[in-house]
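Trainee: Below is a structure I'd like to ask you about.
The values are calculated or read from the model by the stated rules, or taken from the named source; none is laboratory data. All values derive from a computational prediction rather than experimental measurement. No Cβ is skipped: glycine too gets one built from the backbone with ideal geometry, and neighbour counts run over all protein chains shown.
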Amino acid sequence: MGKIEVICGPMFSGKSEELMRRLNRALIAKRPFQLYKPAADSRYSKDEVVSHAGKKMKCTPIQDAGIMVELVEKETKIVAIDEAQFFGPGLLPTILSLVGAGKRVMVAGLDMDSDGVPFGSMGSVMAMAESITKLRAVCEVCGEDATHTYRRKDCDTSQILVGEKDFYEARCRAHWIP
Ligand code: ADP
Ligand code: MG
């Protein structure tokens, strides 16, 4: 039976690490998987998922979520998606179609943007998921658990600004401001 597993949290909370940890287990169990990320995320590599600590895994970069339905192979047991918040409204129907075909779908992404608002389709995907793992980073001001992503004041204001520590910090609720 298909199912949806969400891995969410702020930037630097270990979402990509956790996704790759689960996929490593699938490798050991010899369960075929396909790993995707939005082509817009080219921070460290074009065709790899790379964690902030440097762990990496080959993936297929795609423009639109819907392509996953075309690319999915019959023997695939797991479809994994990193940076899922960057996909548009096509994400949810695509996930539901994959789940309907019996796939285990792992979805890693930011739950909120730096304004504290649900990011893309992540809120809806979470509502329909069998399991949600909400990770926390370390607040860069006080060292407590960080649930939010803070965007430094000196940069761009569009919702999608792909960046790293140059633009963003993990912060606890007390030290975070939109
Ligand atoms: P995500 O995919 O959630 O952005 P990654 O899996 O890429 O996170 O990276 C997690 C790693 O980021 C941690 O293991 C740690 O080495 C590093 N890191 C850097 N800054 C922080 C922070 N403020 N809190 C937690 N981890 C951090
Ligand atoms: Mg990540």
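Trainee: Could you tell me whether Q63 is exposed (fewer than 14 other Cβ atoms within 10 Å of the Cβ), more than 16 Å from ligand 1 (Cβ to nearest atom), polar (S, T, N, Q) and modelled with pLDDT of 95 or more?
Mentor: Details: exposed (fewer than 14 other Cβ atoms within 10 Å of the Cβ): yes; more than 16 Å from ligand 1 (Cβ to nearest atom): yes; polar (S, T, N, Q): yes; modelled with pLDDT of 95 or more: yes.
Criteria met by Q63.
Trainee: Of all residues being assigned to a strand (DSSP E or B) and basic (K, R) in the stretch 51-78, which is nearest to ligand 2 (Cβ to nearest atom)? Just the residue, please. Give the derivation first.
Mentor: In the first step, residues of the stretch 51-78 are kept if they are assigned to a strand (DSSP E or B); the result is 56-58, 60-62, 78.
When the remaining residues are screened for being basic (K, R), the result is 56, 58.
On the way: K56: 11, K58: 15 Å.
The qualifying residue nearest to ligand 2 (Cβ to nearest atom) is K56.
Trainee: Have a look at M112, M68 and point out the one that is away from ligand 1 (no atom under 13 Å from the Cβ), aliphatic (A, V, I, L, M) and in contact with a Phe, Trp or Tyr (Cβ under 7 Å, 6 or more places away or on another chain).
Mentor: The match here is M68.
Trainee: Suppose we filter Y36, Y44 for residues that are within 16 Å of R22 (Cβ to Cβ), aromatic (F, W, Y) and in contact with a strand residue (DSSP E or B) (Cβ under 7 Å, 6 or more places away or on another chain); which single one remains? Steps first, answer last, please.
Mentor: Values: Y44 fails: within 16 Å of R22 (Cβ to Cβ).
Answer to the selection: Y36.
Trainee: If you don't mind, there's one more thing I want to ask. Using beta carbons and a limit of 7 Å, which pairs, at least six apart or on different chains, have the first residue in the stretch 12-36 and over 22 Å from A65 (Cβ atoms) and within 13 Å of ligand 1 (Cβ to nearest atom) and the second one assigned to a loop (DSSP other than H, G, I, E, B) and of a type outside the set (G, A, S)?
Mentor: From the stretch 12-36, the pairs are F12/H52; S13/L135; S13/R136; G14/L135; E17/K55.
Trainee: May I pose another question? Within the stretch 32-40, does at least one residue satisfy the condition of being of a type in the set (F, W, Y), crowded, with 16+ Cβ neighbours inside 10 Å and in a loop (DSSP other than H, G, I, E, B)? Quick ask: steps written out before the conclusion?
Mentor: Going through the stretch 32-40, the residues of a type in the set (F, W, Y) turn out to be 33, 36.
Restricting the remaining residues to those that are crowded, with 16+ Cβ neighbours inside 10 Å gives 33, 36.
Those still in the list that are in a loop (DSSP other than H, G, I, E, B) too: none.
No, the conditions are met nowhere in the stretch 32-40.
Trainee: Now a separate question. Being in contact with a Lys or Arg (Cβ under 7 Å, 6 or more places away or on another chain) and of a type in the set (G, A, S): is that true of S13 here?
Mentor: Values: in contact with a Lys or Arg (Cβ under 7 Å, 6 or more places away or on another chain): yes; of a type in the set (G, A, S): yes.
When the stated conditions are applied, S13 passes them.
Trainee: If you don't mind, there's one more thing I want to ask. Go through the stretch 122-143 and give me each residue that's among the small types (G, A, S), farther than 21 Å from Y168 by Cα and surrounded by 18 or more Cβ atoms within 10 Å (Cβ to Cβ). If you could, list the steps in order and put the result at the bottom.
Mentor: Narrowing the stretch 122-143 to residues among the small types (G, A, S): 123-124, 127, 129, 131, 137, 143.
Applying the additional criterion that residues be farther than 21 Å from Y168 by Cα yields 123-124, 127, 129, 131.
Passing the criteria: only A129.
Trainee: Which residue pairs have Cβ atoms under 7 Å apart, sit 6 or more places apart or on different chains, and have a first residue in the stretch 39-56 that is more than 12 Å from ligand 1 (Cβ to nearest atom) and a second that is in a loop (DSSP other than H, G, I, E, B) and at pLDDT below 90?
Mentor: A40/V162
Trainee: Considering only the stretch 79-178, give the strands (runs of 3 or more DSSP E) lying wholly within it that have at least 1 residues that are among the β-branched types (V, I, T).
Mentor: Working: elements: 104-110, 131-134, 148-151, 168-171.
Counting at least 1 such residues, we get 104-110, 131-134, 148-151.
Trainee: Quick check on this structure: which one of D111, D115 is surrounded by fewer than 16 Cβ atoms within 10 Å (Cβ to Cβ), modelled with pLDDT of 95 or more, out of contact with any Asp or Glu (no Cβ under 8 Å at 6 or more places or on another chain) and within 30 Å of V138 (Cα to Cα)? Show your work before the answer.
Mentor: Details: D111 fails: surrounded by fewer than 16 Cβ atoms within 10 Å (Cβ to Cβ).
Just one listed residue meets the conditions, D115.
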